[in-house]
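Enquirer: Take this structure first; my questions come after.
The values are calculated or read from the model by the stated rules, or taken from the named source; none is laboratory data. All values derive from a computational prediction rather than experimental measurement. Virtual Cβ from ideal backbone geometry, glycine too; neighbours counted across all protein chains shown.
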Amino acid sequence: MPAPNIDTIVSLAKRRGFVFPSSEVYGGLGSAWDYGPLGVELCNNVKQAWWRWLVYERDDVEGIDSSIILNRLVWKYSGHEATFNDWLIDCRKCKGRFRADKVVDNKCPSCGASDWTEARPFNTMLQTKLGAVADDDPTALAYLRPETAQGIFINFLNVQTAMRRKLPFGIAQVGKSFRNEVTPGNFILRTREFEQMEMEYFVSPTAEHAKLVDYWVEQYLEWFGSLGIDRENLYLYEVPKEELAHYSKRTVDIMYRYFPEREKPWEELMGIAWRTDFDLSIHSKNKVDEEGKRINPDSTEDLSYFDEPTKQRFYPHVIEPAAGVNRTVLAVLMDAYSEKTNDKGETRVILKLSPQLAPIKAAILPLAKNKPEIVGMAKAIKRSLQPVLRAVYDDTGGIGKLYARQDEIGTPFCITVDHQSLEDEAVTVRNRDTWEQERIKVSELAEHLQKRLKPYPVPPETI
Ligand code: GAP
């Protein structure tokens, strides 16, 4: 049973230190969120799982970390300056301003009227000024990147030559992106500052591009499965031609059931696009149009690729899986949410996070906090586990309360040190999902836990 709605996660996230509303002491800042002690761990674990899966486990992907602020010309030639727009309309009656594509049945969401101004474009790139310049100096204008992808394209040749890569290969990047969203909202689903995990997979112009889109869709469905997201809560949306971005010939969106309570429950989790050779050719100095005119007179490099076997030079095509860290985190939290009733009829929240994502892997709990030998042994176990996994020590409540707290934040194992432990050098290991307990020798504890902290698809019962 996933979370019944996003609000359930908002309240759990604040209560337990995953996500806080940003700038709260000044009344907040619309749609900005701060990740707390557990949230930052969860985000890091998602990003690390993604990086491991693509960059370490595959042999055909390299990683980079490019600047957030790039030369403004990048955004001119990528098409973002001209086309990265939301179309806005104003309600003539209440003066409310809305995104034209989000208005349902032509009715104003504020006052219900249907009297609109003409739609006009609003560029959603966030602007800044570089250096100590006058406010109106146009040469100082720069943008905070709206996607991590362009930092990859402009480094294609650097990576390819430095790492001696041959096609096909990919370049992955994870980092912050910024968009001046007109209607942000729904918690961390749509914000103006967010994080992306993007990979540009470079292939020959004669490759089977549409099939490669399917290939990457399948890969990501499996990856989301390994994060514990149920396939039933994912849905594939083939983006119709008229909705495709200017660079795309085919895009499939993987949607997640973020709104189970609504008639339309799906929202985009990520997209997989065939970006053709648009980006590499548009940033290249040698590419010419039909009339032989250079399409980019500002570029000093040519991002074409020489294919040794065919002795041909061309601009590689790109298949781009583009995912959001924050939307993945939200989907993971919603899917992991569950409730269980104990013997006393009390309902407990259990966050059944995939063990690889759990912010804390093991909580060490002394059964008697006024017994120095037990406390000392529990703290020593915590220290001994720390080099191999994230462990915490907690003695701030009765054992039932401590278990409940760890269940709610998704800690896969609670380890209890009791009087018997002092005699037999063993502890009780409690499983988050089954509440079953087993007695394990302290000397075997680290290995025992590590074996059970493997990612799904190991079913939750067997962690
Ligand atoms: N390079 C292609 C690209 O950026 P996109 O569909 O605009 O494509 C990719 O963005 C992913 O980034 C989305 O599927 C979503 O997960 C995330 N994303 C985009 N805008 C976002 C926002 N305002 N807030 C949170 N995540 C966002």
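Enquirer: Is it true that some residue in the stretch 144-160 is farther than 30 Å from A3 by Cα, in contact with a Leu (Cβ under 8 Å, 6 or more places away or on another chain) and either hydroxyl-bearing (S, T, Y) or surrounded by fewer than 19 Cβ atoms within 10 Å (Cβ to Cβ) (or both)?
Expert: Residues of the stretch 144-160 farther than 30 Å from A3 by Cα: 144-146, 148-160.
With in contact with a Leu (Cβ under 8 Å, 6 or more places away or on another chain) added as a condition, the list becomes 144-146, 150-151, 153-154, 156-157.
If we keep only those that are either hydroxyl-bearing (S, T, Y) or surrounded by fewer than 19 Cβ atoms within 10 Å (Cβ to Cβ) (or both) too, we end up with 144, 157.
Yes, the conditions are met somewhere in the stretch 144-160.
Enquirer: I'd like the full set of residues that are basic (K, R), within 14 Å of the ligand (Cβ to nearest atom) and part of a loop (DSSP other than H, G, I, E, B), limited to the stretch 141-184.
Expert: R145, R179
Enquirer: Any idea which residue in the stretch 320-345 is farthest from T434 (Cα to Cα), counting only those that are among the charged types (D, E, K, R) and within 16 Å of the ligand (Cβ to nearest atom)?
Expert: Looking only at the stretch 320-345, we keep the residues that are among the charged types (D, E, K, R), and these are 320, 327, 335, 339-340, 343-344.
After this cut, where a residue has to be within 16 Å of the ligand (Cβ to nearest atom) as well, the list is 320, 327, 335.
Details: E320: 40, R327: 28, D335: 17 Å.
Filtering first and then ranking leaves E320.
Enquirer: I've got another one for you. Any residue in the stretch 325-352 that's without any contact (Cβ under 8 Å) to a residue 24 or more places away in the chain and part of a helix (DSSP H, G or I): show its pairings with residues that are more than 16 Å from the ligand (Cβ to nearest atom) and not hydrophobic (A, V, I, L, M, F, W, C) at Cβ separation under 7 Å, as long as the two are six or more apart or on different chains.
Expert: none
Enquirer: Sticking with this structure for a sec: Where residues in the stretch 106-140 are within 16 Å of the ligand (Cβ to nearest atom) and either modelled with pLDDT of 95 or more or not in a strand (DSSP E or B) (or both), which of them is nearest to D279 (Cα to Cα)?
Expert: Start the filter on the stretch 106-140 by keeping residues that are within 16 Å of the ligand (Cβ to nearest atom), which leaves 122-126.
Now drop any that are not either modelled with pLDDT of 95 or more or not in a strand (DSSP E or B) (or both), which leaves 124-126.
On the way: T124: 20, M125: 18, L126: 21 Å.
Among those residues, the one meeting the criterion is M125.
Enquirer: Can you tell me how many residues in the stretch 304-324 are in contact with a helix residue (DSSP H, G or I) (Cβ under 8 Å, 6 or more places away or on another chain) and either surrounded by fewer than 24 Cβ atoms within 10 Å (Cβ to Cβ) or outside any loop (DSSP other than H, G, I, E, B) (or both)?
Expert: So in the stretch 304-324, the residues in contact with a helix residue (DSSP H, G or I) (Cβ under 8 Å, 6 or more places away or on another chain) come out as 304-305, 315-323.
Checking which are either surrounded by fewer than 24 Cβ atoms within 10 Å (Cβ to Cβ) or outside any loop (DSSP other than H, G, I, E, B) (or both) leaves us with 304-305, 315, 317-323.
So the count comes out to 10.
Enquirer: Count, please, the residues in the stretch 243-261 that happen to be more than 14 Å from the ligand (Cβ to nearest atom) and modelled with pLDDT under 95.
Expert: Here the count works out to 0.
Enquirer: Could you please give the count of residues in the stretch 208-232 that are crowded, with 17+ Cβ neighbours inside 10 Å and outside any helix (DSSP H, G or I)?
Expert: The total comes to 3.
Enquirer: Of (1) at pLDDT below 95; (2) in a loop (DSSP other than H, G, I, E, B), D90 satisfies all except one. Which?
Expert: (2)
Enquirer: Here's another thing I want to ask about it. Any residue in the stretch 194-209 that's more than 15 Å from the ligand (Cβ to nearest atom): show its pairings with residues that are among the charged types (D, E, K, R) at Cβ separation under 9 Å, as long as the two are six or more apart or on different chains.
Expert: From the stretch 194-209, the pairs are S204/D307; P205/D277; H209/K249; H209/R250.
Enquirer: Still on this model: Scan the stretch 265-284 and tell me whether some residue there is over 26 Å from T161 (Cα atoms), at pLDDT below 95 and more than 11 Å from the ligand (Cβ to nearest atom).
Expert: Checked against the condition, which is being over 26 Å from T161 (Cα atoms), at pLDDT below 95 and more than 11 Å from the ligand (Cβ to nearest atom), the stretch 265-284 yields no hits at all.
Enquirer: Is it the case that V10 is assigned to a helix (DSSP H, G or I) and touching a Phe, Trp or Tyr at 6+ places or on another chain (Cβ under 6 Å)?
Expert: Working: assigned to a helix (DSSP H, G or I): yes; touching a Phe, Trp or Tyr at 6+ places or on another chain (Cβ under 6 Å): yes.
It is true that V10 is assigned to a helix (DSSP H, G or I) and touching a Phe, Trp or Tyr at 6+ places or on another chain (Cβ under 6 Å).
Each row is one residue, and each column tells you yes or no for (1) farther than 18 Å from I350 by Cα; (2) assigned to a strand (DSSP E or B).
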site: I360; (1), (2): no, no
site: A378; (1), (2): yes, no
site: L402; (1), (2): no, no
site: D407; (1), (2): no, no
site: T428; (1), (2): yes, yes
site: R439; (1), (2): yes, yes
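Enquirer: Cβ-Cβ under 6 Å, sequence separation 6+ or interchain: first residue in the stretch 15-33 and under 27 Å from R405 (Cβ atoms), partner buried (at least 16 other Cβ atoms within 10 Å of the Cβ) and aliphatic (A, V, I, L, M). Which pairs?
Expert: Going by the 6 Å Cβ cut-off, the qualifying pairs are R16/I409; G17/L38; F18/L38; V19/A13; W33/V19; W33/I188.
Enquirer: Separate question: In the stretch 380-400, what residues are under 21 Å from L453 (Cα atoms), among the β-branched types (V, I, T) and in a helix (DSSP H, G or I)?
Expert: Residue satisfying the conditions is I381 alone.
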